[in-house]
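S.K.: Right, I'll just put the structure down here and ask away after.
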Amino acid sequence: MNALFPPPVDTATIRLRALSLGAGVQSTTLALMAAHGEIGPMPDCAIFADTGWEPKAVYEHLAWLRSPNVLPFPVHIVTAGNIRDGLVRGAQGERWASIPAFTKSASGKVGMIRRQCTKELKIVPIRRKVRELVGLAGKRSPDCPVVEQWIGISLDEIVRMKMSFEPWQVNRWPLIELGMTRRDCLRWLERHGYPMPPKSACIGCPYHSDVMWRQMRDEDSDGFADAVAIDRLIRTGFRNLRGEVYLHRSCVPLDEVDLDTPADKGQLDLFADECDGMCGV
C-alpha cells in the first residue's frame with residue numbers, strides 16, 4: 001500500500017459505498033468511471049450537497065447525471081440550507097454559516113473570515129445522509145468502518161486529502177489511486193463522448209480566481225449580476241465583524257474589479273501554450 005493512503009480496511013465490514021458528488025470534473029469522472037466498471041466495487045449511491053447557490057449549469061449537469069441510463073446507482077440530493085439566504089441573514093445581524101469572504105478595516109488592513117460553509121452545508125448533510133442510509137441514524141456508531149466514502153480529488157489536488165476522523169467511515173480517493181489528474185479526467189470524458197462538466201462552486205465563492213469571475217461575467221450574466229448584488233448587500237451588518245466585507249480579494253466592489261488579463265490590455269502572453277502550467281509548481 002502506498003504511504004499516501006490509509007492502511008487497508010477489512011472490506012467485509014463495509015456496508016455502504018457512497019460517492020461524494022460535487023458535479024464538477026473530477027467527481028463526474030469518478031462516477032462515470034464506476035458506471036463503466038473501471039473503478040470498483042460499484043458504489044451504492046452518490047450524494048450531492050446542494051448549497052442552493054450553484055450556477056445554473058451545475059444544476060443542469062446534475063439533472064443529466066440523474067437522468068435514466070447515465071449512472072447505475074442513485075444520486076441523492078441533500079441540503080442544510082441556502083448559503084445565499086444565509087449571507088443575507090448574516091448581513092442583518094443574524095447567525096450564519098460564514099464563508100471565507102474578505103474584510104477591510106478602516107485603516108485598510110485586509111483580512112479573511114473563517115470558513116464554516118463547507119462543513120455546515122456540505123460535510124454535515126452528506127454525513128447525515130450516509131448515516132441514514134447505513135442505518136446509523138440515532139444509533140451508536142460502531143468502532144469499525146462500515147462506510148467507504150469516495151471523494152473525487154485528483155492527483156494534482158493531493159494536498160486536499162484528509163483522513164476520516166470517524167471510526168465508522170473510511171475515505172477513499174480512486175482518482176489518486178489511478179494517478180489521474182484533472183486533465184486526465186477531461187481526456188477520459190472526451191474519449192467517451194460525455195459533456196464537459198461546469199466548474200462546481202457557489203456563485204459568490206470568494207475563492208474564485210479572476211479567471212473564474214471573468215468567465216462568469218462573460219458567460220453567466222445572471223449569475224454574475226446576482227453575485228454583484230450580494231456583494232453590495234453584505235458590506236456591513238455582520239455580528240462581531242468590524243470593517244467592510246467583500247467577495248473579491250481586492251476588497252473592491254465586484255462590479256468595479258478589473259478582471260481583464262494582461263493580454264486584453266495589449267500585453268503579449270509569453271507563457272500561453274508554452275510552459276503547460278508547470279512554472280511555479
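The values are calculated or read from the model by the stated rules, or taken from the named source; none is laboratory data. What you are looking at is a predicted structure, and each value in this text was computed from that prediction instead of being measured. Counting neighbours? That spans all protein chains shown, and the Cβs are built from the backbone with ideal geometry, glycine included. Each accessible area value is taken on the protein alone, full model and side chains, heavy atoms only, with ligands, DNA and RNA left out. Shrake-Rupley method; radii C 1.70, N 1.55, O 1.52, S 1.80 Å.
S.K.: Within the stretch 97-109, restricting attention to residues that are open to solvent by 30 Å² or more (accessible area, probe 1.4 Å) and part of a loop (DSSP other than H, G, I, E, B), which residue is nearest to N240 (Cα to Cα)? Give the derivation first.
M.R.: Pass one, the stretch 97-109, residues open to solvent by 30 Å² or more (accessible area, probe 1.4 Å): 104-109.
Add one more test, that the residue is part of a loop (DSSP other than H, G, I, E, B), and what stays is 105-109.
Numbers: S105: 13, A106: 15, S107: 18, G108: 18, K109: 17 Å.
By that ranking, first place goes to S105.
S.K.: Could you list, in sequence order, all residues of the stretch 110-134 that are assigned to a loop (DSSP other than H, G, I, E, B) and either among the β-branched types (V, I, T) or touching a residue at least 24 places away in the same chain (Cβ under 8 Å) (or both)?
M.R.: Here is the first cut: in the stretch 110-134, the residues assigned to a loop (DSSP other than H, G, I, E, B) are 113-116.
Within the stretch 110-134, I113 is the sole residue that qualifies.
S.K.: Just need a number here: residues in the stretch 10-46 that are out of contact with any Lys or Arg (no Cβ under 9 Å at 6 or more places or on another chain), in a loop (DSSP other than H, G, I, E, B) and hydrophobic (A, V, I, L, M, F, W, C).
M.R.: The qualifying residues number 4.
S.K.: Please identify the pairs in which a residue from the stretch 154-170 that is closer than 29 Å to L136 by Cβ has its Cβ atom under 9 Å from the Cβ atom of a residue that is among the acidic types (D, E) and open to solvent by 70 Å² or more (accessible area, probe 1.4 Å), counting only partners at least 6 apart or on another chain.
M.R.: Hits for this filter: P167/D143; W168/D143.
S.K.: When you look at S164, is it under 19 Å from A49 (Cβ atoms), surrounded by 19 or more Cβ atoms within 10 Å (Cβ to Cβ) and at pLDDT below 95, yes or no?
M.R.: Working: under 19 Å from A49 (Cβ atoms): yes; surrounded by 19 or more Cβ atoms within 10 Å (Cβ to Cβ): no; at pLDDT below 95: yes.
No; evaluated as a whole, the condition is false for this residue.
Residues are listed down the side, and each one gets a yes or a no for (1) under 27 Å from M216 (Cα atoms); (2) touching a residue at least 24 places away in the same chain (Cβ under 8 Å):
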residue	(1), (2)
L175	no, yes
L186	yes, yes
G193	yes, no
M196	yes, yes
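S.K.: Here is a further query. So for the stretch 8-24 (the condition being without any contact (Cβ under 8 Å) to a residue 12 or more places away in the chain and open to solvent by less than 70 Å² (accessible area, probe 1.4 Å)), does at least one residue qualify?
M.R.: Within the stretch 8-24 (the criterion being without any contact (Cβ under 8 Å) to a residue 12 or more places away in the chain and open to solvent by less than 70 Å² (accessible area, probe 1.4 Å)), the answer is no, since none of the residues qualifies.
S.K.: Could I ask something else about it? How many residues does the stretch 214-241 hold that are within 20 Å of E60 (Cα to Cα) and among the hydrophobic types (A, V, I, L, M, F, W, C)? It would help to see each step written out before you state the result.
M.R.: Of the residues in the stretch 214-241, the ones within 20 Å of E60 (Cα to Cα) are 215-227.
In the following step, the residues that additionally are among the hydrophobic types (A, V, I, L, M, F, W, C) were identified as 216, 224-225, 227.
Result for the stretch 214-241: 4.
S.K.: I've got another one for you. Taking the stated definitions as given, is F48 of a type outside the set (S, T, Y) and over 23 Å from W96 (Cβ atoms)?
M.R.: Working: of a type outside the set (S, T, Y): yes; over 23 Å from W96 (Cβ atoms): no.
Criteria not met by F48.
S.K.: Return the only residue of H61, H76, H36 being surrounded by fewer than 13 Cβ atoms within 10 Å (Cβ to Cβ) and at pLDDT 95 or above. Show your work before the answer.
M.R.: On the way: H61 fails: surrounded by fewer than 13 Cβ atoms within 10 Å (Cβ to Cβ); H76 fails: surrounded by fewer than 13 Cβ atoms within 10 Å (Cβ to Cβ).
Result: H36 is the single residue among H61, H76, H36 that is surrounded by fewer than 13 Cβ atoms within 10 Å (Cβ to Cβ) and at pLDDT 95 or above.
S.K.: For the stretch 135-161: of the residues being among the polar types (S, T, N, Q) and in a loop (DSSP other than H, G, I, E, B), which is most open to solvent (accessible area, probe 1.4 Å)?
M.R.: Let us first name the residues in the stretch 135-161 that are among the polar types (S, T, N, Q), namely 141, 149, 154.
Subset that is in a loop (DSSP other than H, G, I, E, B): 141, 154.
Numbers: S141: 41, S154: 0 Å².
Residue satisfying both the conditions and the ranking: S141.
S.K.: Go through the stretch 189-240 and count every residue that is aromatic (F, W, Y), surrounded by fewer than 19 Cβ atoms within 10 Å (Cβ to Cβ) and more than 19 Å from the chain's Cα centre (by Cα).
M.R.: Within the stretch 189-240, residues that are aromatic (F, W, Y), surrounded by fewer than 19 Cβ atoms within 10 Å (Cβ to Cβ) and more than 19 Å from the chain's Cα centre (by Cα) number 1.
S.K.: Also, I was wondering about something else. Given the criterion out of contact with any Lys or Arg (no Cβ under 8 Å at 6 or more places or on another chain), of a type in the set (A, V, I, L, M, F, W, C) and within 22 Å of C202 (Cβ to Cβ), identify the matching residue among V70, V88.
M.R.: Values: V70 fails: within 22 Å of C202 (Cβ to Cβ).
Being out of contact with any Lys or Arg (no Cβ under 8 Å at 6 or more places or on another chain), of a type in the set (A, V, I, L, M, F, W, C) and within 22 Å of C202 (Cβ to Cβ) holds for just one of V70, V88, which is V88.
S.K.: Out of all the residues in the stretch 47-58, which are part of a loop (DSSP other than H, G, I, E, B), open to solvent by 20 Å² or more (accessible area, probe 1.4 Å) and touching a residue at least 40 places away in the same chain (Cβ under 8 Å)?
M.R.: none
S.K.: Assess whether M180 counts as being of a type in the set (A, V, I, L, M), part of a loop (DSSP other than H, G, I, E, B), at pLDDT 95 or above and over 17 Å from the mean Cα position of the chain (by Cα).
M.R.: Working: of a type in the set (A, V, I, L, M): yes; part of a loop (DSSP other than H, G, I, E, B): yes; at pLDDT 95 or above: yes; over 17 Å from the mean Cα position of the chain (by Cα): yes.
Against the criterion (of a type in the set (A, V, I, L, M), part of a loop (DSSP other than H, G, I, E, B), at pLDDT 95 or above and over 17 Å from the mean Cα position of the chain (by Cα)), M180 qualifies.
S.K.: Name the pairs whose Cβ atoms lie under 8 Å apart, with the first residue in the stretch 60-88 and touching a residue at least 24 places away in the same chain (Cβ under 8 Å) and farther than 19 Å from T28 by Cα, the second assigned to a helix (DSSP H, G or I) and β-branched (V, I, T), and 6 or more positions between them or separate chains?
M.R.: Final answer for the pair search is A80/V124; R84/I230; L87/I230; V88/I230.
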